[in-house]
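Visitor: Okay, here's the structure, questions in a sec.
Nothing in this text is a laboratory measurement; each read-out follows from the coordinates by a stated rule. Keep in mind it's a predicted model, so treat the numbers as computed, not measured. A quick note on method: Cβ atoms are made from the backbone with ideal geometry, for glycine too, and the neighbour counts reach across all protein chains shown.
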Amino acid sequence: MSVTLDATLKSALDGLNHHPICKIVSTSLASDIPFDGQLFNSQTADETDPDMLVHSTGRLASTFVRSGDLYLMYSDEARTTWYEVRIFDNAGISGFSVINASLIELSNANIGVVFLARSATYDRLYSMIIGPIGTVVSAASQIVQETLTSVSLGALSLCETATGFLLAYKYRDVAASPDNYYLYKRTCNTSFASWSSASSITLTGLISTRDKDHPELFRNQAGAIYLFFDYLDDYVDPNERRNIFYVISSDEGATWTIPAALTSYGDFSASAVSPSVSEKTNGDIVIAYHAQISVLKIGSSTTGYCTSSGETTDNHITDIFYIASSNKVYIVGGAAATNTDALLRVLVIDVATWTIEKCYKQDGSPGWNARWSSDGMNYTQQATAAGDYLAIISKSRDIILINTQTDTIVEYHLQSSALYGYTKNVSGFTLGVYHDYCQIYLDATTDRLYLFFHGEYATAEKYQLCWIDITETADPITGLYTIHELIAPTYYPTGGSIAYDHDATIHFNLTEDKVVFSVRGWTAGAKGFVRVHVLSTGSLYKTYIIDTNVGFPRRGIMWTVLHNDMLYGNVEYESGYGQEERRGLCLINMSSDTITFERPTVATVNDYGLADLRVVDSGINILMASYYGVLFYSIVDKTWNVFNNDNVQGMFTDAEDFVPRLAYNESTGMVFTSHCYLQSYPYDKNFIAFVTTGNMSLGKYIPATLSGGSYSFGTESDLHLYRGGENLTIAYDANNVLWNIWTQVDTSLEKSLMWDRDNFNPDISDYILAGSAVTLNWEVGKTAKASFTLSRADLFDVSNSMSIYAPIFKKGRIVEVSLGETIGGVDYWQAQGQFVVCATRVDYRRTAHPVIEIESEDRSVMWSEMMVTATTGYRNAALSDIMDDILQDIAGLTVADYSIPSLTNGHTLYIQWIDTDLAAIIEDICQHFGVFAHWQVDGTWTLVPIDLDAAVAHDYTTAQSKILNFGPDDRYSSFINQIRVICEGQDFLEVLWDEERITQLSGVVGFWTKQETHTVYYSDDRARTVRYPRLDIIQSINDFSPLISLLGGQGDEYIQSTAEDETYCIVKIEAPNRAIYAFAFAAAIAGFGAAALYCEVRFYCGVSIMLTNLALSAFIQVVTAVANFKYDIWGQPIGHEKQTYQATADDTELQQQLGGQVVSQHFNDALSYTVAHCQMVADQEIAVVSAQRNRITFDKVAHLQDEIGDIIKISHPISSQAVDVFVAKLKRSFVRPPIGGQGQFSDGIEGWRL
Amino acid sequence: MATMSLGTYTFAHNPSDMTMLKPRRIIHPAETIGGVEFFSFGVFYAGQKVTVKWNYCPVAVWLELVSLEDDDASKVFTPGDGHTYNVQILSLNGEYFADTDTGATWRKNVEMVLMIESLAS
């Protein structure tokens, strides 16, 4: 399977004279756009308002503002490094700060700059001229000054005209009432020194009192001037919406067309602002801008949303969790109108990209038991999440635990359900009446899932706290998970039935080692309470109930949270109990037991519906859902902050503010919520997110194709990957590379400039250090590697943020290596493959030029770190189908990334890989089929057979001049001369396990017992089968029993029979018949007693009485004599195992040489199922082991046709005998020598002589 | 005879000795078991070191050369062979002649090593 080369290149490589060349290109697996961005520096001063151009010299240049001064960020002409220089110091105009600027290249290659400076009183426009690297050519000169009480100016933009330059800027007439907004223009000649007076640009049809901002001028190659700007095109106090509009001038800006809308944002949840335009060399343009998003939404029409067959698609939401470590949101969806509280789906939202990453559903893979869905009536009660885990408990106390990392679901059943086909699978726990309800809580630090049970009936008002270790796997024999008890069942403090019918919430505070139970009664007479326990010991810490705490609300509080020994919970007010002051938020100081209340200021009502309380912002605020929106209560200054339709633009599509659940990202201030919770809720069903501070702007772009002198605008796409940017600027360079600089606002509201570019695939061959090797290593069974050393490490150093090349060797970037020859002045290339950058090493020192060493490996380098919890259980599956699954679903490859050959020894497979990694799966397949995994030079992955009988791919016997050295070397071979492969077939055989104690039987027999039988099943579910049961008598009825010892006789105990299906045996116990004694003594009592009654002679009377007493005594002893028994039933459990097969392959030649000594190696092969399979694998393995004893190494002149897995033919250097070599390892080296130094273009071969 | 220049300085005295300027063929002959194969990596000016020597030179010239080195930047070298070269000054060394006095007028064995970065024209 050698590489097919271009004929000209092959001819040159076959020849004696070579002109080797090497090319290394850096590229990426990810698309360039959307941009993720690179920071220029780590300064903390805000950097804002960039405006960029590409200078005719090739330099990039952008003005920006920092600390009120104006700066220029520029690059070298090759665009490899950024430099910055301050071009205007605001100290020169006391009291003024630069606000923004625009720049343009002049005809003499200098750069003209116009900027706006503002003081407390004035706005001023200035112009200045600088050189391409910021040298001031002409100092700032004032164009105009406006008094802020009359006019304020804003964003500005420059473009060329036929006779000079055109300036457009925002003009706000604040003297008018209401304010009027205009875009003004001025012109200037080519000297960039003499500006005309200002006039407004006619924008026919736009309302003068609506803001027009961020003008962006652009003159295309045909001379038409376009003016893009954002316009406030809809306004309903306090909501605003802006869209990008544009006008065109064909007379150098004198007149303009009627404004047309470029963007079409339709509601108040988002606006388009701050456009920037740039033109490609072919005349096409791109308009970029920021979408100012106030609310992010996900609904049932969002890509990735899922619904089980037959279920409603309604986006009902019951719980929301934000996971900071992964920046994901978990949404539990259920509560559909026609399907009461069924669990319909679980969504995993990637917050960074605001996309549905995963959607779990009942009939998905993985899915959950059907009881959770439509007619199961197993409604979702509550959920909890931490890290990768999400747990949900139902009213029927079934629990599902989803691991979103491994995509696995564990179901815990606290009771069996014959209807839904599952049995109880927990031990240490028996469901009782006080387990009527359950709340759960996941603690990721201890991997515990806490279960808080509570009952509501009069006889069962108890609660109990237990936990499950979520990392525990079920007992392999019993299939049971263990439930551990932390707090034993404890009666409510209410007593009697006063808590009948209630709600409850649970809150864990791990820092303060407490767990808080809040129970709220909701029927007449019911009292609520709060109990706080110490988590580590389970001991009771505090109880609050109106009976003992008169300030406590009668019905109790809910959603209680604990912070710094203070409890905060919602009061649901009820009139008639004189508790008018007890409304809103209840605050309980547990140190002093004082109870106070705070009412949200958003409304004056009885109930606020406070729910889902949580302590946030490092303990400063309590965040909660409510009937009136999202509420923040400041613990510090006792103030309230509300976020609802009144102040979050486009929060919901209706006027309803009710939000019952929420989640929160503290670091970004992003709130996740929805007001869809109740069944048939008629309002907006979207899941939404908004930020309490900052913005969620996202860079967007629209491409426009030049056609017939006008532009055809395309559709909007994301320009930026991350939110929070503003004031972007774009520019195309002469190579049609799109450059972008923007201001990124971080979570602390610091504004920093970022940059990025597309087509970031630079050829860095010119930087390869002369005298250092570009080395490519391929070896059967290992990842291919490429390493090389570059000069100018300062350019490629990932820590040098001012280098434009800094990102190109970040870990995970792709390196494409090509080798070839220059033939007749033409470069002929042959790709050598794609490699992932794994490591870089730079060493700066004064005495040496900084060089960077790059180490990269093929894309399978990460496969050993990609853990696979479980693959599909394949049955009779074709290898190609399995590889499709594994490579696409696990490795993330596309169909174009790999090709699976049809193997001559191929067969279908029965396999499921569990708890392994991807590399191990591939290794299993390779070992079984005798192939090796190989990333080919064209970048595709395949399986290559280790075919030692293949035809010679390259014959070097007629080209001995290619061989540089030769060295047989079998140092690494072994003495193994026999391979034994063992496998399991697909047929099951019955097996008997070792005898073990199956169960126990114990009891008692008495005078009434003559014989009795006991049916003893071998397991509770009566399914276990056992053979050869025997009785191990621990305590026999013959042992020390009055029944036997008193009256003599002998008992007998034995297994009478066994069940035909071997699920039980019958134990028979035979005791002496004592009923006759009891009857005889009873008759004696009667006889002697009667005699004594009618006796008239003293002597006879005495004798009769005495005999009656003796008979009575004997009777009592007989009827009270019993015998205990206790038996163990032992037996051999019956199981089934797959039949084992094996086969061996021998290297008889070596065995003979060793005098018959057999050195055998055994291994199990999970992919073999028959003797034939085992034999196939054994034959392959022994062939390789034997071949490894014939290992040779040699170096030869590089030939790009050769690759590992080839068989090549060379001549022995002394005997000239032909030697066929299987290439097991190939090290290809290219060294461009320094002047006077040594070069290299060679292949180092390690192979097996055949 | 043309007068050489380096950067903005035109030598008052051309050097008494200088490396021949010509492109160098970068070649690597590989001796194999059966013969020899040649690898040519091209013809380059870049990377060549050029040694420029004055047996004796006036102190004024010496100071001009020192000033050029102190510029710490790439220079255009015009040796008078019809080409100009972008060069870096790798080293500049010399010896006192007669005395070290600031009023001394000559230096001896002055040697400047340049490295050609590229052919400018």
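Visitor: Take the Cα gyration tensor of region A:473-589, multiply each eigenvalue by 5, square-root it, and list the three semi-axes largest first, rounded to whole angstrom.
Guide: Its equivalent ellipsoid spans semi-axes of 30, 17, 12 Å.
Visitor: Using only Cα atoms and rounding to the nearest 10 degrees, what angle (0 to 90) does helix A:1171-1188 make with the longest principal axis of chain A?
Guide: The angle comes out at about 50 degrees.
Visitor: Let's test the formula: R0 of 60 Å, r as the Cβ-Cβ distance of A:Thr303 and A:Ser194. What FRET efficiency results, to the nearest 0.05?
Guide: 0.60
Visitor: Given N residues in region A:74-147, what is Rg(Cα) / (2.2 N^0.38 Å)?
Guide: 1.20
Visitor: What residues have an amide H closer than 5 Å to that of A:Ser396, excluding those fewer than 5 places away on the same chain, when H is modeled at 1.01 Å from N in the peptide plane?
Guide: Amide H to amide H, under 5 Å and 5 or more residues apart or across chains, A:Ser396 pairs with A:Tyr379.
Visitor: Here is a follow-up. If the convex hull of the alpha-carbon atoms of region A:766-888 is projected onto planes in all directions, what is the mean projected area in square nanometres?
Guide: 12.0 nm²
Visitor: Same structure again: Can you list residues from other chains, or at least 5 along the same chain, whose modelled amide H is less than 5 Å from the amide H of B:Gly42?
Guide: B:Ile26
Visitor: 7 Å from Cα along Cα→Cβ at both B:Ser118 and A:Asp987: what's the point-to-point distance in nm?
Guide: Here the answer is 7.7 nm between the modelled labels.
Visitor: Based only on other Cβ atoms within 10 Å, what is the fewest-to-most ordering of A:Arg846, A:Arg345, A:Arg59, A:Arg1027? Numbers along the way, then the final one.
Guide: Details: A:Arg846 4, A:Arg345 25, A:Arg59 21, A:Arg1027 14.
Final ranking by Cβ density, sparse to dense: A:Arg846, A:Arg1027, A:Arg59, A:Arg345.
Visitor: Using Cα pairs closer than 8 Å and at least 6 residues apart in sequence, work out the relative contact order for chain A, in percent.
Guide: 9 percent.
Visitor: OK, next. In a solvent-free Debye calculation with one equal scatterer on each Cα, what is log10 I(q)/I(0) for region A:25-70 at q = 0.25, 0.29 Å⁻¹, listed in the order of the q values?
Guide: Once normalised to I(0) and log-transformed, intensities are -1.03, -1.08.
Visitor: To test your reading of the geometry: what angle, between 0 and 90 degrees and rounded to tens, separates the Cα axis of helix A:1098-1120 from the longest principal axis of chain A?
Guide: Once rounded, the angle reads 20 degrees.
Visitor: Follow-up question, since we're still on this one. If the label point is 7 Å along Cα→Cβ of A:Val952, which residues in region A:1-29 have backbone nitrogen under 13 Å from it?
Guide: none
Visitor: Within a Cβ distance under 9 Å of A:Gly58, other residues only, what is the Lys/Arg minus Asp/Glu net charge?
Guide: Value of the local net charge: -1.
Visitor: Here is a follow-up. Across every pair of different alpha-carbon atoms, what Kirkwood hydrodynamic radius in Å does region A:993-1033 reach?
Guide: Answer for region A:993-1033: a Kirkwood hydrodynamic radius of 12.5 Å.
Visitor: Now for a separate question. Diagonalise the Cα gyration tensor of region A:1-82 and give the resulting equivalent ellipsoid semi-axes, square root of 5 times each eigenvalue, largest first, whole Å.
Guide: Semi-axis lengths for region A:1-82 are 46, 17, 11 Å.
Visitor: Once every Cα of region A:1121-1250 carries one equal point scatterer and solvent is ignored, give the base-10 log of I(q)/I(0) from the Debye formula at q = 0.10, 0.12 Å⁻¹, two decimals.
Guide: -0.59, -0.74
Visitor: Can you give me the Rg/Rh ratio for region B:6-121, using Cα atoms for both radii and the Kirkwood formula for Rh?
Guide: So for region B:6-121, dividing Rg by the Kirkwood Rh gives 1.13.
Visitor: Okay, next question. P(r) for region A:1102-1143: what percent of alpha-carbon pairs falls in each 5 Å bin, starting at zero?
Guide: 5, 12, 9, 9, 7, 6, 6, 5, 6, 5, 5, 4, 5, 4, 3, 3, 2, 2, 0, 0
Visitor: Please report, in cubic angstrom per residue, the volume enclosed by the convex hull of the alpha-carbon atoms of the protein assembly as shown.
Guide: Details: hull volume 440.1 nm³, N = 1371.
It is 321 Å³ per residue.
Visitor: Please state, as a whole number in µm²/s, the translational diffusion coefficient that the Stokes-Einstein equation yields for region A:904-1027 at 25 °C and 0.890 mPa s, with Rh defined as the Kirkwood radius across alpha carbon pairs.
Guide: For these conditions, the coefficient is 106 µm²/s.
Visitor: Separate question: In the structure shown, do any of A:Lys10/A:Lys782; A:Lys395/A:Lys514; A:Lys785/A:Lys811 have a Cα-Cα gap over 19 Å, and if so which?
Guide: Long pairs (Cα-Cα over 19 Å): A:Lys10/A:Lys782; A:Lys395/A:Lys514.
Visitor: Over the Cα atoms of region A:393-493, how large are the radius of gyration and the largest Cα-Cα distance (Dmax), in Å?
Guide: 13.9, 44
Visitor: So what is the relative contact order of region A:864-937, in percent, for Cα pairs below 8 Å that sit 6 or more residues apart? Before the final figure, lay out the partial values.
Guide: Numbers: 78 pairs, mean separation 34.4, N = 74.
The value is 47 percent.
Visitor: What's the angle, to the nearest 10 degrees (0 to 90), between helix B:59-70's Cα axis and the longest principal axis of chain B?
Guide: The answer is roughly 50 degrees.
Visitor: Write down, largest first, the equivalent ellipsoid semi-axes of region A:1046-1202 in whole Å, where each equals the square root of 5 times an eigenvalue of the alpha-carbon gyration tensor.
Guide: Square roots of five times the eigenvalues give 94, 15, 13 Å.
Visitor: Let me ask something else. List, in order, the whole-Hz ³J(HN,Hα) value for each residue of region B:15-22 obtained from phi through the Karplus relation with A = 6.51, B = -1.76, C = 1.60 and θ = phi - 60°; use x for Gly and Pro.
Guide: Result, rounded to whole Hz: x, 7, 7, 7, 4, 5, 9, 7.
Visitor: Okay, next question. Per-residue counts of other Cβ atoms within 10 Å, averaged by peptide: what ranking do you get for A:546-552, B:70-76, A:1117-1123, A:112-118, highest first?
Guide: Final packing ranking: A:112-118, A:1117-1123, A:546-552, B:70-76.
Visitor: I've got another one for you. Taking the convex hull of the Cα atoms, report for region A:347-432 its projected area averaged over all directions, in nm².
Guide: On the way: hull surface 26.5 nm².
Convex hull of Cα atoms, orientation-averaged projection: 6.6 nm².
Visitor: Modelled label-to-label distance, A:Arg875 and A:Thr257, 7 Å Cα→beta-carbon offset: nm?
Guide: Placing both labels 7 Å beyond Cα along the Cβ direction yields 6.6 nm.
Visitor: Using 7 Å Cα-to-Cβ label points, what is the A:Asn108/A:Ser667 separation (nm, one decimal)?
Guide: Distance between label points: 5.2 nm.
Visitor: Between A:Ala734 and A:Tyr491, what is the FRET efficiency for a Förster distance of 51 Å, r being their Cβ-Cβ separation, to the nearest 0.05?
Guide: 0.05
Visitor: At 1.567 mPa s and 4 °C, plugging the Kirkwood radius over alpha-carbon pairs of region A:773-845 into Stokes-Einstein gives what diffusion coefficient in µm²/s?
Guide: Roughly 91 µm²/s, to the nearest whole number.
Visitor: Express in nm, to one decimal, how much length is gained between A:Ala444 and A:Ile914 on full extension, taking 0.36 nm for each residue of separation and deducting their alpha carbon distance.
Guide: In short, 166.9 nm is gained.
Visitor: For region A:103-181, what value does the Rg/Rh ratio take when both radii are computed over Cα atoms and Rh is the Kirkwood radius, given to two decimals?
Guide: We get a ratio of 1.05 for region A:103-181.
Visitor: Just the C-alpha atoms of region A:1-157: what Rg/Rh do they give, with Rh taken as the Kirkwood radius?
Guide: Computed over Cα atoms, the ratio is 1.26.
Visitor: Next question. Could you please rank A:Lys1068, A:Lys23, placing first whichever residue has the fewest other Cβ atoms within 10 Å of its Cβ? It would help to have the intermediate numbers written out before the result.
Guide: Values: A:Lys1068 15, A:Lys23 19.
In increasing order of surrounding Cβ atoms, one gets A:Lys1068, A:Lys23.
Visitor: Continuing with this model, one more query. Rounded to the nearest 0.05, what FRET efficiency is calculated for A:Gln405 and A:Asp763 with R0 set to 51 Å and r the Cβ-Cβ distance?
Guide: Values: r = 39 Å, r/R0 = 0.76.
Computed FRET efficiency for A:Gln405 and A:Asp763 comes out at 0.85.
Visitor: Can you list the residues, at least 5 places off or on another chain, whose amide H is less than 5 Å from the amide H of A:Ser417, using H built in the peptide plane?
Guide: A:Tyr422, A:Thr423, A:Lys424
Visitor: Same structure again: Net charge near A:Asp1220: determine it from the other residues with C-beta under 13 Å of the C-beta of A:Asp1220, scoring Lys and Arg +1 and Asp and Glu -1.
Guide: -2
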